[in-house]
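> One structure is given below, represented as structure tokens, and several questions about it will come after.
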Amino acid sequence: MEDQSPPPIIDCNSPFVSNDNLEQGKLVYRRHFIELIWPTILTISMILLIVIFSVLIFSSEAVDIETYLPYIILFDGVLTFLAISYFFMNWTFWYLDIWVVTEGRLIDSQLVTFFVHQRSELALEQIQDIRFTIPGTLAAIFNCGHILIQSAAKESNFTLMFIPNPGKVIKEITGALCVAKAKMSHTEHLDYHEPENS
């Protein structure tokens, strides 16, 4: 699908700018819940298969239920535990992968594995371009997309994946960027005009 982002040049006076939601000091973004659709479907399917298997075993006369009941319960319990653990593993990665925009920085916080956490930061005034794409039909239906942020820093690109309502998010990030640039310009102006001590 074609690029749906506003014009690449960041204009703080354009209608694509909004800083209304930065009043509490930060903005927090997570991936859209569609990222959890397949783990949910797989988990439910696995549990249903376990239930069907158990019903077939208990209704079959070929198996001595009294003898094999503890093994059947153990087998079903282990598979159910693995299915639920799979879902909560995906939910944990989804919940802990966040992007935070403060008045001065963009913070990318990712859980790489259960024991490895990665954090990257980017000063807002280093952002050069912000745009987003809609990766497919499902993303278009649920109004989510990938946001690409290009900067002059070493971490030249930041990509926010499957962000809900990416157009609104770009407005908010651009608004925060304009606020940061205005504060930096005001500080430089005060430093330039600061009177010298006699």
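> Where residues in the stretch 47-90 are surrounded by 15 or more Cβ atoms within 10 Å (Cβ to Cβ) and in contact (Cβ under 8 Å) with a residue 40 or more places away in the chain, which of them is farthest from the chain's Cα centre (by Cα)?
Per the criteria, the residue is A83.
> Another question, if that's okay. Looking for something of a type in the set (F, W, Y), outside any strand (DSSP E or B), within 30 Å of K168 (Cα to Cα) and at pLDDT 90 or above - is there at least one such residue anywhere in the stretch 68-81? Please lay out each step first, then the result.
First, the residues of the stretch 68-81 that are of a type in the set (F, W, Y): 68, 71, 75, 81.
If we keep only those that are outside any strand (DSSP E or B) too, we end up with 68, 71, 75, 81.
Applying the additional criterion that residues be within 30 Å of K168 (Cα to Cα) yields none.
No, the stretch 68-81 has no match at all.
> Contact list please: Cβ distance under 8 Å, first residue in the stretch 127-146 and free of Cβ contacts under 8 Å to residues at least 40 places away in the same chain and of a type in the set (D, E), second residue buried (at least 16 other Cβ atoms within 10 Å of the Cβ) and not in a strand (DSSP E or B), pairs at least six apart or on different chains.
Pairs that qualify, where the first residue is free of Cβ contacts under 8 Å to residues at least 40 places away in the same chain and of a type in the set (D, E) and the partner is buried (at least 16 other Cβ atoms within 10 Å of the Cβ) and not in a strand (DSSP E or B): there are none.
> Would you confirm, using the coordinates I've provided, whether T137 is surrounded by fewer than 18 Cβ atoms within 10 Å (Cβ to Cβ), modelled with pLDDT of 85 or more and either of a type in the set (S, T, Y) or more than 18 Å from L36 (Cβ to Cβ) (or both)? Step through it out loud before you land on a result.
On the way: surrounded by fewer than 18 Cβ atoms within 10 Å (Cβ to Cβ): yes; modelled with pLDDT of 85 or more: yes; either of a type in the set (S, T, Y) or more than 18 Å from L36 (Cβ to Cβ) (or both): yes.
So T137 fits the description; yes.
> Then there's this: For the stretch 148-179, enumerate the residues that are in contact with a helix residue (DSSP H, G or I) (Cβ under 6 Å, 6 or more places away or on another chain) and over 16 Å from R105 (Cβ atoms).
Quick first cut of the stretch 148-179, residues in contact with a helix residue (DSSP H, G or I) (Cβ under 6 Å, 6 or more places away or on another chain) only: 151-153, 162-163, 172, 176-177.
Listed by number, the residues that qualify are F162, I163.
> Could you look through the stretch 1-46, keep only residues that are surrounded by 15 or more Cβ atoms within 10 Å (Cβ to Cβ) and part of a strand (DSSP E or B), and pick out the one that is modelled with the lowest pLDDT?
At the first step, the residues of the stretch 1-46 found to be surrounded by 15 or more Cβ atoms within 10 Å (Cβ to Cβ) are 5-6, 10, 16-19, 21-22, 27, 29-32, 35-36, 39, 43, 46.
Of the ones still in play, those that are also part of a strand (DSSP E or B) are 27, 29-30.
On the way: L27: 84, Y29: 89, R30: 89.
Here the residue is L27.
The values are calculated or read from the model by the stated rules, or taken from the named source; none is laboratory data. On a predicted model such as this, the values are computed, not experimentally measured, just so you know. As a convention, Cβ positions derive from the backbone with ideal geometry for all residues, glycine included, and neighbour counts pool all protein chains shown.
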